[in-house]
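Have a look at the structure below, then the notes.
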Amino acid sequence: MATKLLLTFAICRLIVTVGLTLDPTELLLLGVDAQLSVDPTDVKAASLDFGLLIGAQPPLAVMHPASSQDVAQFVKAAYGSNFGFTVSARGHGHSINGQAQTANGVVVQMSGSKGGSGMASGRKPPHPRVWPQERFVDVWGGELWIDVLRSTLQHGLAPKSWTDYLYLSVGGTLSNAGISGQAFNHGPQISNVHELDVVTGKGELLTCSEEQNSEMFHAVLGGLGQFGIITRARISLEPAPQRVRWIRVLYSNFSIFTSDQEYLISLHEQPASQKFDYVEGFVIVDEGLINNWRSSFFSPHNPVKISSLDPNGGVLYCLEIAKNYHESTASTVDQEVESLLKKLNFIPASVFTTDLPYVDFLDRVHKAELKLRSKGLWEVPHPWLNLFVPKSKIADFDKGVFKGILGNKTSGPILIYPINKNKWDHRSSAVTPDEDVFYLVALLRSALDNGEETHSLEYLTNQNRQILRFCDEAGITVKQYLPHYTTHQEWVDHFGNKWDRFYRLKMEFDPRHILASGQQIFTPTNMASWR
Ligand code: FAD
């Protein structure tokens, strides 16, 4: 009874706030009542994200769907109302700039609905369904990748392309691209999807693939949530490796470092025995990070003597590579790794190797998360900046940013690795630079309120602006990954020659602009004369 009253209150609030003319009883009749929550815990959780950069944006209510039909019915109600209200799908809320938030609208909480407090009805979204013969898995759009992995491993299978961190939702990463060290070989996660169920901004539930509703399929992949809510994804699988040989080697010369990275990703068409399965890298610009980094990876018996590697105390670069293997092929892995390492030109004394189960390798960032959480360093502002930099300009970027603007301070990891563009489907909505090879440069920094100016949010935010300005002035045509812009013109420039199609499909699939308004690409239409 109390829940019912709360819900009616929530719906009345919706009506008062946005002028929604839908009668509250109509929403109750739609069967969404038991899944609409105004529980302060739910509302607060949906009002924040990992970035913690913008103030809380409380939604009016949070919806906990148990099926595609629930989502479709709800979006249809939003679309059909005279004045409309916004509806934002939220995966795990790991965005940086409020992309999954919507003040004065409803958040559809896709992840965590299995145990969410709003599930008064006891109904839950479907569990992953693995098709071992066909080598794919059907998953709920809010499923976390860690749970996808757990389900597929029961059949000895695993997805091919990953993100570094697995506590992200399938719908959230497919709305961006989903990249990690496997992308050079398998492409981003959006290149490893067979089929999607999507609820459009009109509340229609469509199945789409290469063959069926193909325009929708490609638009949704990398589409920043603008065309529909992904409720099911069919993801390609491969036999799961059992173990991983994980290696780090160091460079003090940037051009040797990038030549080696580019060489390794050029091997993507070679047989598995003649290439690594994972190629990433990171930049080391200050001593503090070197120490942390050493303790988390290197054996205490084998400390890194940085001064001996780079007596000038300049910037170092770490290539990170991994080879997957099955226990039955363990005898050949040493040889395969050895012959690949021989072709590289890292600092000779700087090979650091570890060997671990495949799952532990994939889930490595979660370990770091637990450590940071225990020190109160996880729930802090994250002014992250992710850029795709064309290969032809990466040396200029090194000179201007790593050796210039950063000024020997990092406040967090800086990843850098190259990706093959031919592994990306140009029909998707994801935007990448116009060169065959481009680099991800990820400045994953945390702001701390510890009195040190260089750790402050203001300092790091200004530095991000300075980096973007530098790129602009130096003619380095970067594309933002996980983009964040606030003006129409910036979005048009970001999408470049994809903009016209993006706009046309938005008008077709979400004509009232009610979906994912937190991306700030389109303004919701709020006209009584709409229909
Ligand atoms: P949310 O933040 O909840 O949503 C992101 C956007 O997608 C929003 O606009 C939302 O409305 C929309 N959306 C969410 N679910 C759906 C759906 N079902 N259908 C349609 N639209 C939807 N990214 C990488 O590519 N590689 C990495 O290695 C990587 N590592 C990361 C590590 C950490 C610690 C963090 C915090 C982020 C990382 N990311 C990485 C970024 C991550 O992929 C994006 O932030 C992604 O959006 C997060 O997924 P989420 O489920 O939390 O999405």
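Cβ-Cβ contacts under 8 Å between residues 6 or more apart (or on different chains), taken from a first residue in segment 82-110 that is without any contact (Cβ under 8 Å) to a residue 24 or more places away in the chain to a second residue that is more than 9 Å from the ligand (Cβ to nearest atom) and open to solvent by 20 Å² or more (accessible area, probe 1.4 Å), are absent.
Applying the criterion of being part of a loop (DSSP other than H, G, I, E, B) and open to solvent by less than 10 Å² (accessible area, probe 1.4 Å) to the residues of segment 190-207, the residue that is farthest from Ala72 (Cα to Cα) is Gly201. Selection of first residues in segment 239-253 that are in contact (Cβ under 8 Å) with a residue 40 or more places away in the chain and of second residues that are open to solvent by 40 Å² or more (accessible area, probe 1.4 Å) and charged (D, E, K, R), restricted to Cβ pairs under 6 Å at least 6 apart or on distinct chains, gives the following pairs, ordered by first then second residue: Gln242/Glu327; Arg245/Asp355. What about Asn450, is it open to solvent by 40 Å² or more (accessible area, probe 1.4 Å) and not in a strand (DSSP E or B)? Taking the combined requirement at face value, the residue satisfies it. If we keep just the residues of segment 84-95 that are near the ligand (Cβ under 9 Å from one of its atoms) and over 18 Å from Gly223 (Cβ atoms), which is least open to solvent (accessible area, probe 1.4 Å)? This residue is Gly93. Residues of segment 208-232 that are part of a loop (DSSP other than H, G, I, E, B) and more than 19 Å from Phe522 (Cβ to Cβ): Glu210, Glu211, Gln212, Asn213. Would you call Val148 closer than 21 Å to Gly112 by Cα and within 14 Å of the ligand (Cβ to nearest atom)? Considered against the rule, which asks whether it is closer than 21 Å to Gly112 by Cα and within 14 Å of the ligand (Cβ to nearest atom), Val148 comes out as yes.
Can Thr523 be described as surrounded by fewer than 16 Cβ atoms within 10 Å (Cβ to Cβ), more than 16 Å from the ligand (Cβ to nearest atom) and of a type in the set (S, T, N, Q)? The answer is no for Thr523.
Select from segment 480-512 the residues that are within 13 Å of the ligand (Cβ to nearest atom), assigned to a loop (DSSP other than H, G, I, E, B) and touching a Ser or Thr at 6+ places or on another chain (Cβ under 8 Å) and write down the one among them that is nearest to Pro59 (Cα to Cα). Filtering segment 480-512 for residues that are within 13 Å of the ligand (Cβ to nearest atom), assigned to a loop (DSSP other than H, G, I, E, B) and touching a Ser or Thr at 6+ places or on another chain (Cβ under 8 Å), the one nearest to Pro59 (Cα to Cα) comes out as Asp510. Contact map, segment 165-189: first residue on the phi > 0 side of the Ramachandran plot and open to solvent by 20 Å² or more (accessible area, probe 1.4 Å), second residue hydrophobic (A, V, I, L, M, F, W, C) and modelled with pLDDT under 95, Cβ cut-off under 9 Å, separation 6 or more or different chains; the map is empty. Can you pull out every residue in segment 323-347 that is loosely packed, with under 11 Cβ neighbours inside 10 Å and either without any contact (Cβ under 8 Å) to a residue 60 or more places away in the chain or not acidic (Asp, Glu) (or both)? Matches in segment 323-347: Ser328, Ser331, Gln335, Glu338, Lys342, Lys343.
The residues of segment 174-229 that are closer than 23 Å to Ser111 by Cβ, more than 9 Å from the ligand (Cβ to nearest atom) and hydroxyl-bearing (Ser, Thr, Tyr), listed by number, are Ser191, Thr200, Thr207.
Listed conditions (1) open to solvent by less than 50 Å² (accessible area, probe 1.4 Å); (2) closer than 25 Å to Ser456 by Cα are all met by Asp363, apart from (2).
Given the structure, is Ser81 open to solvent by less than 10 Å² (accessible area, probe 1.4 Å) and more than 16 Å from the ligand (Cβ to nearest atom)?
Criteria met by Ser81.
Being crowded, with 19+ Cβ neighbours inside 10 Å and not hydroxyl-bearing (Ser, Thr, Tyr) is the filter here; which residues of segment 242-257 pass it? Matches in segment 242-257: Arg243, Val244, Arg245, Trp246, Ile247, Arg248, Val249, Leu250, Phe254, Phe257.
The values are calculated or read from the model by the stated rules, or taken from the named source; none is laboratory data. Owing to the predicted nature of the structure, the values given are computational and were not obtained by experimental measurement. Don't worry about glycine lacking a Cβ; one is built from the backbone with ideal geometry, like all the others, and counts go over all protein chains shown. Surface accessibility is based on the protein's heavy atoms, side chains included, excluding ligands, DNA and RNA. Shrake-Rupley method; radii C 1.70, N 1.55, O 1.52, S 1.80 Å.
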